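No value in this document is a laboratory result; all are computed from the given coordinates. Only a predicted model underlies this, so the values are computations on that prediction, with no experimental measurement involved. So basically every Cβ, Gly included, is an ideal-geometry build from the backbone, and we count neighbours across all protein chains shown.
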């Protein structure tokens, strides 16, 4: 799935952003915490989620209420995360999202799946449907048009940004509110445990001693616009992106990295860039043996083996449908501040091909970065983000 030539010259700007997660209420607070090297991953003992202790990045008891969730008791935790994130992002701009020229897009993998665990009887189907939930959240902001839902495994967040960019570039909308969230539940945790994919320690992306993924929860929002006048100083522009599929296995990634590598090359090509122009790659970096190996091969196939690579899973865990958004926003702030965030937990390279995994905070001039994500079903996405000044 490629950008068309007509879309290449369209400029789409990030005019507001938010991250609502264990590390903070705003994107700025989250980035400051990450830059300081602090992680939201903790050891948890919660028999309602797992009979054994597990590491995860979860909202602390009462944290969501402190963020404003106490005023949203009629909404689920998942819905509260979305509302609080959108609310804070909208406060940064004065666009009217009810003007008919603004898209509202929600990304998630599991939505309100927690309702299955919280009620003795099966909840009404409407509460479980992703579109119904997205509509409920949108209507909180008096948005009565039909929202869009992007739910494509772990690429959902980045794919939602790419979808919004294409809709704006095609002239369908002038602005887009793109939000995403997922909540850590027994269903989610037990699913990854059944794959024996959960690490018994905080995850270590690309490291030789990595033992699997660490899960997390949170929400994030970006507001996009084709109007540069609405963009803040030193804004980030959403450049081209591409998606691909391995057609390999329902849960196992490609063994060659060819398909992710293709998406990465296409994203750069349609942005008018070469590998030499990319300041860093914000990798998916789940710390599972197969994912990290596949990404290393893809980086080589895309000509990015000498480009600094960073995974932030060691700070947030894997937040599923929110991961692409949270990690893209952290990358945007890193690009603006001209820093490369270290890969927390990484010490010794543990993939078969050499890649330049960042292990310390680096300062360097750069104009562009590339974000990659991959997910179950063999889906991959890559997207370029660029500084405007």
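Pairs of Cα atoms nearer than 8 Å and 6+ residues apart set the relative contact order; for the chain it is 24 percent. Note on segment 81-152 and segment 267-344: Cα centroid distance 27 Å, given to the nearest whole angstrom. With the highest mean first, a sort of the peptides 348-361, 239-252, 76-89, 164-177 on other beta-carbon atoms found within 10 angstrom per residue produces 76-89, 164-177, 239-252, 348-361. Need one word for segment 102-233: rounded, prolate or oblate. Basis is the Cα gyration tensor (sqrt eigenvalues a ≥ b ≥ c); a/c below 1.5 gives rounded, then a/b vs b/c decides. It comes out oblate by the Cα gyration axes. Kirkwood hydrodynamic radius computed over the chain comes to 20.4 Å, based on all pairs of distinct alpha carbons. Under the shape rule built on the C-alpha gyration tensor, where the axes satisfy a ≥ b ≥ c, segment 253-389 is rounded, since a/c falls short of 1.5. Out of every Cα-Cα pair in segment 322-378, what percent are more than 19 Å apart? In whole percent, the share of Cα-Cα pairs in segment 322-378 beyond 19 Å is 41.
Sorting 323-332, 293-302 by average packing, meaning the other beta carbons within 10 Å per residue, from highest down gives 323-332, 293-302. Taking each residue as 0.36 nm, the span from residue 127 to residue 249 lengthens on full extension beyond its C-alpha to C-alpha distance by 40.8 nm. Rounded, prolate or oblate for segment 1-104? Axes are the square roots of the Cα gyration tensor eigenvalues, ordered a ≥ b ≥ c, and the cut-off for rounded is a/c under 1.5. Prolate is the answer for segment 1-104, as a/c is 1.5 or above and a/b outweighs b/c.
With only alpha-carbon pairs counted, each pair once and no self-pairs, how large is the Kirkwood hydrodynamic radius of segment 186-335 in angstroms?
Kirkwood hydrodynamic radius for segment 186-335: 16.7 Å.
In segment 24-178, the inverse of the mean reciprocal separation of distinct Cα atoms equals 17.4 Å; this is its Kirkwood hydrodynamic radius.
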